[in-house]
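Below is one structure, written out as structure tokens; the observations come after it.
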Amino acid sequence: MCGKGVNGFMKRIYMDHAATTPTDNEVVKAMEPYFTQKYGNPNSIHSFGQEARDAVEEARKKVAHLIGANPSEIIFTGGGTESDNFAIKGIAWANQKKGNHIITSKIEHHAVLHSCQFLEKHGFRVTYLPVDKYGLIDPDNVKKAITDQTILVTIMHANNEIGAIEPIKEIGKVVKEAGIYFHTDSVQTVGHIPIDVNDLGVDMLSMSGHKLYGPNGVGVLYLRKGTRIDSLIGGGSQEKNRRAGTENVAGIVGMGKAAELAEKRLVQGEEDKLIKLRDRLIKEITEKVDHVLLNGHPKKRLPGNVNLCFEFIEGESMLLNLDMEGVAASSGSACTSGSLEPSHVLLAIGLPPEIAHGSLRLTLGKDNTEEEVECVIDILPKIIEKLRALSPFKGSWEGLKK
Amino acid sequence: MSMYSDKVMEHFKNPHNVGEIKDADGIGEVGNPICGDIMKIYIKVKDDKIVDCKFKTFGCGAAIATSSMVTEMVKGKTIEEALEISNKTVAEALGGLPPIKMHCSNLAADGLSKAIEDYKKKIQDSKLKTEIKNQCKKM
Ligand code: FES
């Protein structure tokens, strides 16, 4: 029955929510009028403009509420990547007189890493902190890395690949003591675990619409009042001169609705539901298959994140096989990466490339069911067995030339 | 995933000639320097013809499909003919590969030429051995 729907149509199972989530129906409904009826420019004086303005401000309130911020501290952007670029480059440019040193980690999203690398080409110095085998950053290491030139610390809230939740609150204390700006890429956590910007002690926090059942092409940068930052995109005076360009009204409305719904789900215990499914997947797959290891921390991990390495096989061939059964997943294997390099996150937690090759990420979302989890537990071991029969390595890496 | 042609998916789903040949006449092992994948290919030769060929591959979908294809293509070919098989001909036989996956077909083609090299070396060695034996006898 598994994987098969009625009338022979395959029932597909989506377990790639860390890549993107489906836009919630309610979100789509909320957005619709802003394409064809309430299409005014929020910067216009007339009633068309004003109803759009009201909608944008309403959305701002909802997003602020979700993370314990003040609405005036919410800046709408074009997505999580833009928010990261904005925070990092904006702080660097605006504070270069104070210093030229930035601290980040080796496991950040490329939006952060590439922004830092860009700044290195322009005279800034960047420290890329290591992580332990679980992918966790030691706040003490942050403390040690701070110099009198440090102007920014940027550490992700949770890792998109291995799901490790970083000790942001503890790092926040260290950073605050030093009087430095603190940014966190919260794209994977907002709406999925409770967040309060004051509790975390961050000055900036990036979020993305499409990772929390909102639309693509819209994101947010939370910007604590008083933060000195240059804007990334120049032009009109939108978003209080922080982010030029006519507002993506429908997208912003969608983001607001998504934030409101996420808050509701958190109250209703969505986190616990996902943790249950996640832990079942981890437990039963590791029981059924040998030579498998869990990446990331067993407890300090995103509610929906499962990341396993199966030795002796390669990730893309796993994904293709799962896809043939209707299951959508992802991998950190070199063969799936586009750059043909294994995931920098898996290397940073100390995995040798050949083991990183066999990584599989399943990320659960609000609509995944117990039956779907059972289905994956049923088919995955068969796929592993089939692929291992093709592998030149059998139960050991013997013969692997380094 | 429609990034691969039907032919690639066919070979990926049901790869031909998977396995090892215990008394192989030539074995080729290659690692892909680009992504780190590994392929092992075995050939059995009789009267200068490749009569059997098997493979084991640790790699992506394209690597598995090209491995399967190359083992199909060489069967029945003479050593000379087999050496003409290149990564291009394998990729073409599979209805093409996505650009980023072209290097995967090297794995199969290089593996094959290594196996043939191995076979030739073995023949050389055994010829040498008999020559030495004959020399010794004469002395
Ligand atoms: S062999 Fe690794 S990408 Fe194909």
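Where a number appears in this text, it was derived from the coordinates with a stated rule and is not lab data. Small disclaimer: the values here were computed from a predicted structure and weren't measured. Cβ placement follows ideal geometry from the backbone for every residue including glycine, while neighbour counts extend to all protein chains displayed.
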Helix A:315-324 vs. chain A, principal-axis angle (Cα, 0 to 90°, nearest 10): 90
Is there a simple number for the mean count of other chain Cβ atoms within 10 Å of the Cβ of residues in A:390-396, and what is it? 5
Set of aspartates and glutamates near B:LYS121 by C-alpha distance (under 19 Å), chain-local residues within fewer than 8 positions excluded: B:ASP23, B:ASP25, B:GLU29, B:ASP47, B:ASP48, B:ASP52, B:GLU80, B:GLU81, B:GLU84, B:ASP110, B:GLU131
18 Å reach of a label modelled at A:TYR134, 7 Å along Cα-to-Cβ, counting backbone N of the stretch A:163-180: A:163-172
Please compare each pair in A:LYS386/B:LYS77; B:LYS22/B:LYS75; A:LYS144/A:LYS173; A:LYS97/A:LYS240 to a cut-off of 20 Å on the Cα-Cα distance and tell me which ones are over it. A:LYS386/B:LYS77; A:LYS97/A:LYS240
Rounded to the nearest 10 degrees, the helix A:80-94 long axis (Cα) sits at an angle to the longest Cα principal axis of chain A of 50
Can you pull the one-decimal nm distance between simple spin-label points at A:TRP93 and B:ASP47, each 7 Å off the Cα toward Cβ? 7.7
I need to check one value: relative contact order of the stretch B:6-138, counting alpha carbon pairs closer than 8 Å and at least 6 residues apart, in percent. 29
Please find the FRET efficiency linking A:LEU347 to A:ASN43, where r is the Cβ-Cβ separation and R0 is fixed at 41 Å, and quote it to the nearest 0.05. 0.30
Using a Förster distance of 25 Å, how high is the FRET efficiency between A:GLN149 and A:LYS106, based on the Cβ-Cβ distance and rounded to 0.05? 0.75
Per-residue Cβ counts within 10 Å, from other chains only, averaged over A:331-339: what number is that? 4
Set of lysines near B:LYS138 by C-alpha distance (under 17 Å), chain-local residues within fewer than 8 positions excluded: B:LYS127, B:LYS129
Taking the Cα centre as origin and putting +1 on Lys and Arg beta-carbons and -1 on Asp and Glu beta-carbons, what dipole magnitude results for the protein assembly as shown, to the nearest 20 debye? 1040
Peptides ranked, highest mean first, by Cβ atoms within 10 Å: ranges A:118-129, B:8-19, A:76-87, A:362-373: A:76-87, A:362-373, B:8-19, A:118-129
What angle do you read, to the nearest 10 degrees and between 0 and 90, between the alpha-carbon axis of helix A:47-67 and the longest principal axis of chain A? 50
Arrange the peptides A:43-50, B:72-79 so that the one whose residues have, on average, the most other Cβ atoms within 10 Å appears first. B:72-79, A:43-50
Exceeding the 32 Å Cα-Cα cut-off - candidates B:LYS54/B:LYS101; A:LYS276/B:LYS101; A:LYS62/A:LYS276; A:LYS394/B:LYS122: A:LYS276/B:LYS101
Once you have a ≥ b ≥ c as the square roots of the Cα gyration tensor eigenvalues for chain A, tell me rounded if a/c is under 1.5, and otherwise prolate or oblate according to whether a/b is larger than b/c. oblate
A:ARG280-A:GLU26 pseudo-label distance in nm [points 7 Å out on the Cα-to-Cβ vector]: 2.4
Counting other chain Cβ atoms within 10 Å of each Cβ in A:311-319 and taking the mean gives 5
Here the Kirkwood hydrodynamic radius of the stretch B:6-138, Cα-based and in Å, equals 15.1
